[in-house]
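The values are calculated or read from the model by the stated rules, or taken from the named source; none is laboratory data. Just so we're clear, the structure is a prediction, and the values are computed from it rather than from any experiment. Virtual Cβ from ideal backbone geometry, glycine too; neighbours counted across all protein chains shown.
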C-alpha cells in the first residue's frame, strides 16, 4: 500500500524553486521535479501533476517521497543508480588510450574496436572484453582511432612569415585606385547532369532527385576579387594552362584596370602563376608591357587561407554551384548572373586578420631570432 506524502514548502523553498524555473539553466529532470513540488504544494492531485508536467505517476510519487523523507536538495537530485562496476580500472583505461594512440598491428591500416579489445585482453588479466566497453571508454576520451583527418601542416619559417605579413599589409592599406590589390585564384568545377528528371517539391514533400548522375567533364574558373572595393570577376575556361593564366593577366591590365598604374596581384604558388607564363603566351614586347603594370605577391606555401578570394570561391559554390549543372553554356550564364547580383549588392569580404593579430596569436610559431635567444 502506497503512503500518501504531503508536500508543504516553506516560503524560502517556494522562492528558490520559482527562481530556478524562471532561469531555466538546470537539467530538464531537475526542472520537472521543481514543477512537481510546486504543484504538490498547491494541492493538486498526483494524476493532475503527472498530466501537467508530462511525467509518469511513479516520478511524482518518488519526488514527493524524497522531499518528505529527506529535504529539498534530495528531492531535486538524482539517486544513485544500480549497475555493474566498470570493467576497466583507471590504469587500464589509460593503457587503452595509449594503445589506441599508438601504431596499429602489423598488416592493419588502423585500429578497430575488435583489435583494441583483443590487445587489451593480452595486456591485462581480463579473459574477455567487449567492443562496446572499448567504444565507451574511447568516447569518454574523445578518441576514434579508426578515423583520420588529412591536414596540410605548414612549416612556419622566415619565408612563411615574410609572405604572410606582406599579404596582410596589403589588405590593411588604404584604397588606392592607382594601385589596386586584386586576389586571384582558380577552381575546377565538374559538369554533372541528371540521368532521370528530378521530382519537384510540393507542400509537405521535399524535392527528390536520383542518386545516379552523368559526368560531362570539367571546366575551370579563374576568379578575381578586388580587396578594397565590391567587385569580383569569374571567367570560365576549358583549361587552366599557363596561356589561360596569361590571358587573365592581360584582361586584368587592359580591360578591368586600364587606368591603374600598378595592379598588385595576390596569388598562390602554382607553377603557372609566374611572369614566365606571359612570355610563353605572348611576344616578348607584349609580355613585358603587361608585366610592367603587375606586381605579384605570393601567399606562403600551404597557406591558401590568406588569399581572400578563397572565401569568395566558397560563397560562389554555396550560393550558385551547389547543384547539378551539365552544360558549360548554362554554367556561364548562371555564374554571370550570380556575379552581377553580388556586384550590384556591393558584397565584400570583411577581413579581420592583421599583422598585429598574427604576431599575437602566432607568436610561438615565429622563428626565434639571434637577438631573442
Residue satisfying condition, being part of a loop (DSSP other than H, G, I, E, B) and under 13 Å from residue 75 (Cα atoms), within set 9, 17, 31: 9
In region 311-346, the residues that are in contact with a strand residue (DSSP E or B) (Cβ under 6 Å, 6 or more places away or on another chain) and not in a helix (DSSP H, G or I): 324, 326
Tabulated pairs, region 80-91, first touching a residue at least 12 places away in the same chain (Cβ under 8 Å) and in the same structural domain as residue 134 (by TED's automatic domain parsing), second in a loop (DSSP other than H, G, I, E, B) and loosely packed, with under 11 Cβ neighbours inside 10 Å, C-beta under 9 angstrom, 6+ apart or interchain: none
Filter result for residue 117 (under 29 Å from the mean Cα position of the chain (by Cα) and modelled with pLDDT of 90 or more): no
Residue match in region 310-331 (condition: within 23 Å of residue 179 (Cα to Cα) and surrounded by 17 or more Cβ atoms within 10 Å (Cβ to Cβ)): yes
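One line per residue, one yes/no per condition, for (1) over 26 Å from the mean Cα position of the chain (by Cα); (2) in contact (Cβ under 8 Å) with a residue 24 or more places away in the chain; (3) surrounded by fewer than 11 Cβ atoms within 10 Å (Cβ to Cβ); (4) not assigned by TED's automatic domain parsing to the domain that holds residue 330:
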residue	(1), (2), (3), (4)
183	no, yes, no, no
192	no, yes, no, no
228	yes, yes, no, no
236	yes, yes, no, no
251	yes, no, no, no
256	yes, yes, no, no
Candidate set: region 281-308, residues that are in a helix (DSSP H, G or I) and within 18 Å of the chain's Cα centre (by Cα); chosen: the one nearest to residue 228 (Cα to Cα): 306
Residue check, residue 324 under 24 Å from the mean Cα position of the chain (by Cα) and at pLDDT below 95: yes
Pairs, first within 17 Å of residue 306 (Cα to Cα) in region 348-371, second surrounded by fewer than 10 Cβ atoms within 10 Å (Cβ to Cβ) and modelled with pLDDT under 80, C-beta under 9 Å, six or more apart: none
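So that you can scan it fast, the table gives a plain yes or no per residue for (1) over 30 Å from residue 361 (Cβ atoms); (2) touching a strand residue (DSSP E or B) at 6+ places or on another chain (Cβ under 8 Å); (3) outside the structural domain of residue 262 (by TED's automatic domain parsing):
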| residue | (1), (2), (3) |
| --- | --- |
| 104 | yes, no, yes |
| 125 | yes, no, yes |
| 128 | yes, no, yes |
| 145 | yes, no, yes |
| 162 | no, no, no |
| 175 | no, no, no |
| 187 | no, yes, no |
Residue in region 308-324 that is in contact (Cβ under 8 Å) with a residue 24 or more places away in the chain, within 14 Å of residue 168 (Cα to Cα) and assigned by TED's automatic domain parsing to the domain that holds residue 269 present: yes
Failed item in (1) under 35 Å from the mean Cα position of the chain (by Cα); (2) exposed (fewer than 15 other Cβ atoms within 10 Å of the Cβ); (3) not in a loop (DSSP other than H, G, I, E, B), with residue 271 passing the rest: (3)
Count of residues meeting criterion [touching a helix residue (DSSP H, G or I) at 6+ places or on another chain (Cβ under 9 Å) and not in a helix (DSSP H, G or I)] in region 40-57: 4
Filter result (out of contact with any helix residue (DSSP H, G or I) (no Cβ under 9 Å at 6 or more places or on another chain) and either surrounded by 11 or more Cβ atoms within 10 Å (Cβ to Cβ) or within 16 Å of residue 126 (Cβ to Cβ) (or both)) within region 103-116: 110, 115
Where residue 99 falls short, out of the listed (1) assigned by TED's automatic domain parsing to the domain that holds residue 16; (2) without any contact (Cβ under 8 Å) to a residue 40 or more places away in the chain: (1)
